[in-house]
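Below: one structure, written as structure tokens.
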Amino acid sequence: MAASVDAAVAVAPPASSSAVDEAGGAVEQARTLIGALNLLSRNLPLPPDVLRAVSSIYHDGGAGDGDGEAEKEGDEEKEGDEEMAAADAAEEGCAEGADGGAAEGATLIEELEDAIFKNHKIPVSYSELAALKEGRFNASIQHRLAELEGLPSTRGEDLQMKCLLELYGLKLLDLQKKVRSDISAEYWLHKKCAYPEKQLFDWGMMRIRYPFAMYGIGDSFLMDADDVHRKRRFTERMSRLEEEEKIQADIRKRKFFTEILNASREHQVQLGTTFKQRKQRNDGVLAWHVRARQRISRQEKSRMNLLKIGDQEAYMRMVEESKNERLKMLLDKTNELLEGIGKAVQRQKDAEHVSQPEGNEVPKGSESDSQISDIKNESPEESPSDDDADLPGSADENKFNAGRRLDFTVHSIEEKVTEQPSALEGGELRPYQLEGLQWMLSLFNNNLNGILADEMGLGKTIQTIALIAYLLEKKEVPGPHLIIAPKAVLPNWSNEFKTWAPSIATILYDGRPDERRALRDKNFDVQGLQFNVLLTHYDLILKDKKFLKKVHWHYLIVDEGHRLKNHECALARTLVSGYQIRRRLLLTGTPIQNSLQELWSLLNFILPNIFNSSQNFEEWFNAPFACDVSLNDEEQLLILHRLHQVLRPFLLRRKKDEVEKYLPVKTQVILKCDMSAWQKAYYEQVTSRERVALGSGLRSKALQNLSMQLRKCCNHPYLFVEHYNMYQREEIVRASGKFELLDRLLPKLQRAGHRVLLFSQMTKLLDVLEVYLQMYNFKYMRLDGSTKTEERGRLLADFNKKDSEYFMFLLSTRAGGLGLNLQTADTVIIFDSDWNPQMDQQAEDRAHRIGQKKEVRVFVLVSVGSIEEEILDRAKQKMGIDAKVIQAGLFNTTSTGQASLVAGDPQERHKLAGN
Ligand SMILES: Nc1ncnc2c1ncn2[C@@H]1O[C@H](COP(=O)(O)OP(=O)(O)OP(=O)(O)O)[C@@H](O)[C@H]1O
């Protein structure tokens, strides 16, 4: 205890000069301290007043200031031990040179401090304690340094050296601490950062350096005291680690984002490449489709071109190559039809061959002999028959040239006509007329019948007369031939026969019954027939069937053959069933008037064994005209071409602009006129009244009647009143818009030297017109259904004669539109249009025909806002069918291939004939 007190005294700070002034206080403090130490050495608790005094002394700074202390931290970490060892070493060194009780005194002081702190009621924080210890430690170092520096140099050399070493060692203490701390931190960081995944765990362990069990409950103060340095270091390290970690996290983040960025860039590049590839692929596919479409449309175009130029074989080859199943099916079906027709034709020819072995039909011309002999010498077995499926060439080839094969089958026996028969005296046949004659002769030679369908005014009458003359002259076929024509046309026929072939005996079988009986008595005598040709009209075919059917007619020629457009009509039935006729020839300028059905009826009439089913025909060929069948342009054209192939061998049609190049043109002008107030009132009344009538059930009749009444309104109101003569001259014009227009037009036409044909559907209107023309002193003639046959001839002759005084010819469209030659007129007025546009066209062509020298003007009068506008529209539609079927058909001889076959390679003929 004494030692402790001494030590306490020894380590007590030396008294300064100022302290001397307070010496009393210091003595007192020393006493207090000594008393306290005595108590403590006996393990007695410090009374509160002593403790307070000691505390106050201590806190006033006296106790710890300048003390050279050394800490003992037995369980401290290595670094702590090293520090303490260094401190101890320093203290040991000092002890040798100074008094050795200083360390012991310091220990007592520490114990005293600890006791004070233990008994201190106010808790001392860990940091305060740490700071206290640190302060004590530093003070002892400073104290020792001062001691060492203050030592006299007179001591022994060894001691002097030791003291110097200690002095330098202590001076290096701070540096040593710093170096050690840096090295350990670096080492730790290096170690920890090498295994970043362990960091969290290690950090946790660092924070809980010792297990809690090592400290007793309530030893938190102690724990804190132990950890003070460690925590500080840890705090530093932590902050460094955190910093490092932050940097690492930042680096990782950057790396991560860089990777993401790179990946996204890579992805973008990849996407770009993929898009590029996909685009390339899509572009390729698109380009392929475009090319395919272009190829298809090119193919379509070239197929259409082939169709248009009529190269069926090349066309069909292209269709075969294409993958168009629909076209193939159409071709196959129509091919079947063509094959069927071809076989039927062959059957008919064979049958005729057998039944007429004497063969009037065999050509006798020297030129044709060689061509025909082969066929003539053929036995029936050798000739191509319907069941000869083994015609040369592959089935495909047969399919490709089915049209040509049909053509050849029909016209297999050819006879070239180079000059007209000498009996034809009236003029010289034009080249196309000679071709027409040759075509008709070909049908005759092949035991077949046909339709001569040249445009009106191209000389069908003359060509027929030429055929009859040729048969008489070259074939020794004198007839008898029966020519049936509309009554109005009979005089024309009679005149043409007289003009062109006066040597051919012709009788015009017409007139009253007694006149006809007289004719029969004269010409049908027991020795035979006294005529070559009998001309009559349709009515008498029915009326005088009893007599006429007894004759074996060689040729039946029906002019205006479209009369037979209904194969069920009485005339057709009578001719087919009641008459003995070997050959039939139809003449018509308008083979199609309304529908394809009509055309089939004509074909059925001329060749009933071949065109025996309208069903197939219509099924396949009516499609382009049916509203409910959807066909594209090519399909329509194809069907029309196939139809033309069927028709071509049996139908010959030439158009004026093709063959009569010098014929002046015909122009049509539609003149629209307003109706007068009177006409409009009537028009209104008719429509409202008929509307009421329509409700009563008689719909179609009412409609027909309505149409007729409306057309009357459009023409003239006088058609509704009885005594129009009572009106004044001006009234007749003012009452009708069309008359007003005529009133302005006619004087001009007359002054300009034109001559006018005026056609109307209504004879009553012709009456009104007559009144008007008389009022104005226009010279006119009139022809309608009531005009007698002999009178008609005279009228035509008077009108056509040179310097005729007649300015106008009034004609009813029905009676005057057919067969008349009125080419001395150059103006045609269609006062009211027919529902059938072909009727109007026939009327127009009375003037526009061979012999016409001037341009022909056609004026069509139409009342504005009336039914007549609808009639015009309908007319256009109907003309469309005609344009498709007939006009586009190239039914001239060159396009039939017939001419080319005649002139062509004999091998080709043989090939087609199957020989
Ligand atoms: N080769 C010719 N030389 C001179 N005139 C001709 C010739 N051919 C025809 N004609 C004349 O042309 C006119 C019309 O001839 P044709 O009456 O035979 O025609 P079409 O075709 O029968 O007419 P439509 O169909 O109207 O009855 C007639 O006056 C006729 O005399």
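The table below gives the values:
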{"item": "Search result, residues across the stretch 799-814 that are touching a strand residue (DSSP E or B) at 6+ places or on another chain (Cβ under 7 Å) and more than 14 Å from the ligand (Cβ to nearest atom)", "result": "Tyr806, Phe807, Met808, Phe809, Leu810, Ser812"}
{"item": "Glu473 being in contact (Cβ under 8 Å) with a residue 40 or more places away in the chain, surrounded by fewer than 23 Cβ atoms within 10 Å (Cβ to Cβ) and over 26 Å from Leu540 (Cα atoms)", "result": "yes"}
{"item": "One residue from Glu731, Glu722 being at pLDDT below 85 and in a loop (DSSP other than H, G, I, E, B)", "result": "Glu722"}
{"item": "Residues being surrounded by fewer than 20 Cβ atoms within 10 Å (Cβ to Cβ) and within 60 Å of the chain's Cα centre (by Cα) - total across the stretch 538-556", "result": "2"}
{"item": "Any chance Asp514 is over 29 Å from Leu652 (Cα atoms) and assigned to a loop (DSSP other than H, G, I, E, B)", "result": "no"}
{"item": "Sole exception among (1) of a type outside the set (Gly, Ala, Ser); (2) within 16 Å of the ligand (Cβ to nearest atom); (3) modelled with pLDDT of 85 or more for Trp553, by number", "result": "(2)"}
{"item": "Looking only at the stretch 413-445, and only at residues there that are small (Gly, Ala, Ser) and buried (at least 21 other Cβ atoms within 10 Å of the Cβ), the one that is nearest to the ligand (Cβ to nearest atom)", "result": "Gly436"}
{"item": "So Pro480, is it over 54 Å from the mean Cα position of the chain (by Cα) and not basic (Lys, Arg)", "result": "yes"}
{"item": "Residue in the stretch 780-797 that is within 16 Å of the ligand (Cβ to nearest atom), among the basic types (Lys, Arg) and surrounded by fewer than 20 Cβ atoms within 10 Å (Cβ to Cβ) present", "result": "no"}
{"item": "Count - residues of the stretch 493-507 that are within 16 Å of the ligand (Cβ to nearest atom) and part of a strand (DSSP E or B)", "result": "1"}
{"item": "Looking only at the stretch 827-839, and only at residues there that are within 15 Å of the ligand (Cβ to nearest atom) and either closer than 23 Å to Tyr662 by Cα or of a type outside the set (A, V, I, L, M, F, W, C) (or both), the one that is surrounded by the most Cβ atoms within 10 Å (Cβ to Cβ)", "result": "Val828"}
{"item": "All positions within the stretch 446-464 that are within 13 Å of the ligand (Cβ to nearest atom), closer than 12 Å to Ile606 by Cβ and either acidic (Asp, Glu) or not in a loop (DSSP other than H, G, I, E, B) (or both)", "result": "Ile451, Leu452"}
{"item": "Condition met for Ala469 (within 16 Å of the ligand (Cβ to nearest atom) and touching a Pro at 6+ places or on another chain (Cβ under 8 Å))", "result": "yes"}
{"item": "Only one of Leu519, Leu490, Leu472 that is part of a helix (DSSP H, G or I) and farther than 23 Å from Phe547 by Cα", "result": "Leu472"}
{"item": "From Gln852, Gln842, Gln823, residue being more than 25 Å from Asp803 (Cβ to Cβ) and within 13 Å of the ligand (Cβ to nearest atom)", "result": "Gln842"}
{"item": "Residue pairs meeting the criteria (Cβ under 7 Å; at least 6 apart or on separate chains; first over 19 Å from Ala505 (Cα atoms), in the stretch 457-468; second near the ligand (Cβ under 8 Å from one of its atoms))", "result": "Gly457/Asp845; Gly457/Arg849; Gly457/Ile850; Leu458/Ile850; Gly459/Gln433; Gly459/Ile850; Lys460/Asp454; Lys460/Leu587"}
{"item": "Which listed residue, of Ser833, Ser866, is within 30 Å of Leu640 (Cβ to Cβ), in contact with a helix residue (DSSP H, G or I) (Cβ under 8 Å, 6 or more places away or on another chain) and of a type in the set (Ser, Thr, Tyr)", "result": "Ser833"}
{"item": "Pairs, first without any contact (Cβ under 8 Å) to a residue 24 or more places away in the chain in the stretch 158-169, second surrounded by 12 or more Cβ atoms within 10 Å (Cβ to Cβ) and part of a helix (DSSP H, G or I), C-beta under 6 Å, six or more apart", "result": "Leu167/Leu148"}
{"item": "Residue that is nearest to the ligand (Cβ to nearest atom) [pool: residues in the stretch 472-484 that are under 19 Å from Gln433 (Cβ atoms) and in contact with a strand residue (DSSP E or B) (Cβ under 6 Å, 6 or more places away or on another chain)]", "result": "Ile483"}
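The rows are residues; the columns are (1) surrounded by fewer than 22 Cβ atoms within 10 Å (Cβ to Cβ); (2) out of contact with any Cys (no Cβ under 7 Å at 6 or more places or on another chain); (3) modelled with pLDDT of 75 or more.
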position	(1), (2), (3)
Phe621	no, yes, no
Phe625	yes, yes, no
Lys656	yes, yes, yes
Glu660	yes, yes, yes
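The values are calculated or read from the model by the stated rules, or taken from the named source; none is laboratory data. Note that this is a predicted model, so its numbers are computed, not measured. With ideal geometry, Cβ positions are generated from the backbone for all residues, glycine too; neighbour counts draw on all protein chains shown.
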